[in-house]
1. Restricting the search to segment 412-426, which residues are more than 16 Å from residue 386 (Cβ to Cβ), open to solvent by less than 10 Å² (accessible area, probe 1.4 Å) and not β-branched (Val, Ile, Thr)?
2. Among the residues in segment 438-453, are any farther than 29 Å from residue 218 by Cα, in a loop (DSSP other than H, G, I, E, B), open to solvent by less than 20 Å² (accessible area, probe 1.4 Å) and touching a Gly at 6+ places or on another chain (Cβ under 6 Å)?
3. Given the structure, is residue 297 open to solvent by 10 Å² or more (accessible area, probe 1.4 Å), aliphatic (A, V, I, L, M) and within 23 Å of the chain's Cα centre (by Cα)?
4. Kindly provide the set of residues from segment 289-344 that are under 12 Å from residue 174 (Cβ atoms) and charged (D, E, K, R), ordered by number.
5. Which one of these is out of contact with any Lys or Arg (no Cβ under 7 Å at 6 or more places or on another chain) and outside any loop (DSSP other than H, G, I, E, B): 283, 260?
6. Using beta carbons and a limit of 6 Å, which pairs, at least six apart or on different chains, have the first residue in segment 394-414 and in contact (Cβ under 8 Å) with a residue 60 or more places away in the chain and under 15 Å from residue 37 (Cβ atoms) and the second one of a type outside the set (Phe, Trp, Tyr) and in a strand (DSSP E or B)?
7. Only one of 301, 317, 335 is over 30 Å from residue 272 (Cα atoms) and in contact (Cβ under 8 Å) with a residue 12 or more places away in the chain. Can you tell me which?
8. Which condition breaks for residue 434 when tested against (1) farther than 26 Å from residue 109 by Cα; (2) out of contact with any helix residue (DSSP H, G or I) (no Cβ under 7 Å at 6 or more places or on another chain)?
Amino acid sequence: MERPSPLSARRLASIIDAWDAGAGPAYQRLSDRIRTAVMDGRIPTGTRLPSERALADATGLSRTTTTRAYEALRSTGLARTRHGSGTVIEVPLGAAGSTSMLGRPSRPDGVALTAAATEAPDGFTSLVEQAMRSLPAVLATDGYLPDGLPVLRERLARRFTSQGLPTDPEQIVVTTGAQSALSLLISVLVRPGDRVMVEGCGYPHAFDMLGRAGARLVPLPVGPTPWSLDDAARIAPAVQTALLVADFHNPTGALMSSDDRRTIAGMLTSAGVTTIVDETLRDLNVSGVPMPEPYAVHDARAIIVGSAAKSLWGGLRIGWIRAPRSLVPKLVQERMVRDLGTAALDQLVVATALEDGEIMPAGRAAELRLRRDALIDAVGRQLPDWRLNRPDGGLSVWATLPDPVSSALTLAAEDEGLTLTPGPRFFPTHPALGERHLRLPFVLPLPRLEDAVSRLARAWHRVGAGQASAPRDPDTVDLIA
């Protein structure tokens, strides 16, 4: 059995260094600090906490305080005491903080604004039935398809070509979702100690995967857009790999301009950097704005990751990689160490959706636009001091809070039956910058969105009234507000 990863008392004290003499019992405030660090990813599940005595010595708190704080963590199901292993963080699957991206409500009447994913669209059942008609031909094969179903690879290649990026089916590898694609690419391309350029605010699970691979993240400083050209020019010569989300960036919804794509691609190719571009959200053009060309038009060596999860349905675990031909054999060989292919029927469903070249169902953008505008309107009415952007695409709006209390607000929201992802979770190297931000997915039906914002407003007023502890004010930035 794998032993829990230990966390020293000194390290835990530094993680929760935002200690103050605020309202409420000291043990509860200490417990809340640790819970916050779990939710934003600074303390991963499976971590063994230091002993109560060691933490008391490191923080200057009493042994009684640290003991009661650990008891509070155990009472909420966030920690377990194992014989011989001490107190270990064990977040239940689906609970708030389990990944902070797929957290589920802790009570039956709860609401979650965590996952940026919707229910299956109208007509999805008919799409599956149509795909079933093509199943007999696949059943006549052995079903092992480590590079993907030929018809799906052909249609994906044709689609890339129609977007101005000539592609052959041999350049496509179908995977079990975009996250599987990223994991596969990282395992092939990134070695321990490699420096990887990332957006300073971005998709947490990508940062987690790079960290597990031993990569050293080199973030672009956050600012009015996720892509500072001056900083990209400075960083490019010092990294081996770059990971970018140029199309409706997660979490901000920003869309990289054509000029910036050309400029950044030129910098990275000149420096010999291998670039991975995550296009998972590219199809979610909610406002119907003119789309720039794919990033890889400016960098023939760039690798594209895509997925059907956002455009169709998250339960349809189909992703893909478009890569240079020379890289595909390595990807397929590495992939076969993990699994031998992706479900054939799921691939047929996506291939059927792509028959006319468009993966997102008709009317989907209009429905998402209604939900986006309803969420923004509700926040404007109930939380007028907040600033929200109005993204042209993606599945979430990016909120800037008047005060740096995102983590405290997330804790207060739990008491209102609302599950959130705290802002620091999106900042891989400087989580304190996220305390002024919150990602709000607009994926729920309209009545549920209104309800969620009402709960959010109640939690905000509780935090403002001092009923939830707030971290010390960090340096702040005006990030795409």
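1. Scanning segment 412-426 gives 417, 424, 426.
2. Quick first cut of segment 438-453, residues farther than 29 Å from residue 218 by Cα only: 442-453.
Still in the running and in a loop (DSSP other than H, G, I, E, B): 442-445.
Those left that are additionally open to solvent by less than 20 Å² (accessible area, probe 1.4 Å): 442-443.
Now narrow it down to the ones that are touching a Gly at 6+ places or on another chain (Cβ under 6 Å): none.
The answer is no, given that none of the residues of segment 438-453 is farther than 29 Å from residue 218 by Cα, in a loop (DSSP other than H, G, I, E, B), open to solvent by less than 20 Å² (accessible area, probe 1.4 Å) and touching a Gly at 6+ places or on another chain (Cβ under 6 Å).
3. Answer is no for this residue.
4. Once the filter is applied, which keeps residues that are under 12 Å from residue 174 (Cβ atoms) and charged (D, E, K, R), segment 289-344 yields 317, 322, 335, 339.
5. 260
6. Note: pairs meeting the criteria are 407/422; 410/420; 410/422.
7. Details: 301 fails: over 30 Å from residue 272 (Cα atoms); 335 fails: over 30 Å from residue 272 (Cα atoms).
Criteria check complete, one pass: 317.
8. (2)
The values are calculated or read from the model by the stated rules, or taken from the named source; none is laboratory data. Predicted model, so just to flag it, every value in this text is computed and none were measured. All Cβ positions, glycine included, derive from the backbone under ideal geometry; neighbour counts span all protein chains shown. What goes into the accessible areas is simple: the full protein's heavy atoms, side chains included, and nothing from ligands, DNA or RNA. Shrake-Rupley method; radii C 1.70, N 1.55, O 1.52, S 1.80 Å.
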